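Comments concern the structure below.
The values are calculated or read from the model by the stated rules, or taken from the named source; none is laboratory data. These numbers were taken from a predicted model, which means no experiment stands behind them. Counting neighbours? That spans all protein chains shown, and the Cβs are built from the backbone with ideal geometry, glycine included. Calculation scope for accessible area: heavy atoms of the full protein, side chains included, ligands and nucleic acids excluded. Shrake-Rupley method; radii C 1.70, N 1.55, O 1.52, S 1.80 Å.
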Amino acid sequence: MATTPTPTLILTTTFIIIFLIFLTEAAYEEIKEPFVGVNIGTDISNMLSPQDLLSFLKHQKITHIRLYDANPDILQALSGSNIHVTIGVPNNQLLALGSSNTTASAWIRRNVLSFHPNTLITSISVGDEVLTTLPSLSPLLLPAIQSLYSALKDSNLHHKITISTPHAASLILNPFPPSQAYFNQSLSSVMLPLLNFLSTTASPLMLNLYPYYVFMQNKGYVPIENALFKPLPPSKEMVDPNTLLHYTNVLDAMIDAAYYSMKNLNFTDVVVLVTETGWPSKGDSKEPYATKENADAYNSNLIKHVFDRSGTPLHPETTSSVYIYELFNEDLRAPPVSEANWGLFYGNATPAYLLRVSGIGDFMAVDNANKTYCVAADGADSKTLQAALDWACGPGRANCSEIQPGESCYQPNNVKNHASYAFDSYYQAAGKGPGACDFKGVAMITTSDPSHGSCIFPGSKQLTNNTKQVVNSTQSSNAGEKLRFINFSSVKINAIINILHIYMVAAFPSMLLFLL
């Protein structure tokens with residue numbers, strides 16, 4: 001016999017429901033926050049193992065990655081990591097997926113259901129720049145997307161996993177001023193239904209946007225400062241004469257060109273997601289602006305720009321998330337030289353250059369002054385190492401006391417070990433400035449702590465001291481402690497919701513029936 005809910009029961013349940021709604025809204029707000037992710041290509045001669053890759057991503061505080069396929073080994077390694085993953089459908093699979101719903105369902109079962117939800121697959125990118133590089137496949141693009149979406153819907157994942165396709169910037173004609181931009185009209189038969197799909201399913205317009213190429217093709221008109229997010233006097237900023245909006249950087253102008261292009265087709269509710277952007281750190285003689293300094297400036301300023309959440313001049317309320325191209329240099333790429341040098345790191349996980357993004361949290365630990373070290377490079381000539389070691393401990397005034405006989409870092413007694421300690425001592429004392437880890441090419445920067453046993457490297461000694469200071473400061477600052485809001489991650493929210501659901505079923509079964 002059913003019992004009538006008491007006022008106390010109703011109030012308790014109402015409170016729980018309100019709390020659940022609050023958590024759901026918090027989760028939704030978290031999802032909307034802009035992020036910086038990285039693309040991971042695999043044209044690398046010595047690719048990290050999936051487990052080493054996971055450890056590296058965690059160490060660098062990277063929370064969003066994009067794969068160009070659905071590599072099962074990487075997806076399995078990411079299980080339980082809470083790293084958001086976009087998986088890709090290679091162009092050579094579009095014909096099969098666009099022609100058969102059965103094939104699309106099998107693809108989702110094999111590449112999504114086999115890993116989700118333990119591996120946090122949040123998006124699928126179908127093909128890559130199909131409309132502009134493989135126009136013969138254009139008729140199959142939307143059918144492939146729709147077939148995959150139907151398979152997601154059958155598995156009740158269509159609200160958790162978005163699906164779209166990355167486009168090249170050349171899809172947009174007359175991109176500056178942004179207010180005069182429009183999509184290539186010869187592709188209207190594909191773009192109109194595609195945008196309608198994106199609008200209906202709340203999926204983003206994926207774009208690969210490279211200010212580097214805009215600058216290289218328009219060096220006489222686009223200042224490099226605009227391409228690198230560097231400040232310019234207002235008189236030198238790019239101005240849209242139709243809207244009088246000032247553009248302080250090229251990327252914002254490219255994003256707004258996409259928004260105007262969509263608006264011309266009467267779509268105003270599709271958000272731009274930048275699936276690729278970056279700057280090469282090395283090029284051939286025809287690419288003099290492909291340097292480590294410019295790559296550092298672009299990617300560092302890009303990260304700050306996203307986390308500033310300042311949006312674009314047209315849409316200051318909307319900041320696009322971006323994926324940096326790319327995490328690792330792909331040394332197997334064909335020429336030109338720049339093709340193999342877009343990475344933030346070399347294939348062995350040592351940084352190609354140091355990002356300067358302090359003050360925006362723990363993202364990309366490589367830039368944190370307490371998390372990088374200077375050590376002897378692998379394969380360095382022993383004579384050159386010895387000369388560099390002598391200089392570091394002599395004119396360089398590095399503290400080499402710990403590598404003397406009987407001291408903690410004397411063993412192993414070889415030139416590489418001693419040089420590594422001396423190099424790091426000099427590097428830390430020099431404030432980790434540009435050129436502080438050179439030593440005629442026999443040294444390299446690493447984010448892996450080279451300390452071993454009782455031998456603590458200078459960089460780790462600094463980290464330990466700074467940590468103690470932070471701990472002591474925290475322990476001594478009880479007075480005047482301010483209330484802080486808790487930031488729930490989606491995993492914590494789901495866990496709390498599950499616990500509350502179990503509690504309600506056990507404690508108030510009749511109330512749940514009453515509410516239903």
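How much of the accessible area of the range 210-264, probe 1.4 Å, is carbon plus sulfur, in whole percent? Carbon with sulfur: 58 percent of the solvent-accessible area.
Less than 5 angstrom separates the built amide H of VAL239 from those of TYR247, all sequence-distant by 5 or more or on a different chain.
Whole-Hz Karplus values for the range 35-43 come out as 9, 10, x, 9, 7, 10, x, 10, 7 Hz, taken residue by residue from phi with 6.51 cos²θ - 1.76 cosθ + 1.60 and θ = phi - 60°; glycine and proline positions read x. In this calculation the C-beta distance from LYS440 to LYS292 is compared with R0 = 22 Å, giving a FRET efficiency of 0.80.
For the range 247-253, putting each phi into the Karplus relation 6.51 cos²θ - 1.76 cosθ + 1.60 with θ = phi - 60° gives couplings of 10, 8, 8, 5, 4, 4, 5 Hz, in residue order, rounded to whole numbers and with x for Gly and Pro. With 32 Å as the limit, write out which pairs from LYS61/LYS383; LYS58/LYS160; LYS263/LYS292 have Cα-Cα distances beyond it, or answer none. Too far apart for the 32 Å limit: LYS61/LYS383; LYS263/LYS292. Using a probe of 1.4 Å, the accessible surface attributed to SER150 totals some 60 Å² when neighbouring protein chains are kept in position.
Among ILE456, ILE87, the sequence by solvent-accessible area, most first, with a 1.4 Å probe is ILE456, ILE87. Residues whose amide H falls under 5 Å from that of VAL272, counting only those 5 or more places apart or on a different chain, are LEU205, with hydrogens built in the peptide plane.
Under the shape rule built on the C-alpha gyration tensor, where the axes satisfy a ≥ b ≥ c, the range 73-215 is prolate, since a/c reaches at least 1.5 and a/b is greater than b/c. Computed 3J(HN,Hα) for the range 376-382, one whole-Hz value per residue from the Karplus formula 6.51 cos²θ - 1.76 cosθ + 1.60 where θ = phi - 60°, is 5, 6, 5, x, 5, 5, 5, glycine and proline marked x. Here's how it looks for HIS158: its modeled amide H is under 5 Å from those of LYS153, which are all 5 or more places away or on a different chain. From most to least packed by mean Cβ count within 10 Å, the peptides 259-265, 129-135 give 259-265, 129-135. Straight-distance candidates among the aspartates and glutamates for linking to LYS416, with alpha-carbon spacing under 18 Å and chain neighbours fewer than 8 residues away dropped: ASP378, ASP381, ASP390, GLU402, GLU407, ASP424, ASP438, ASP449.
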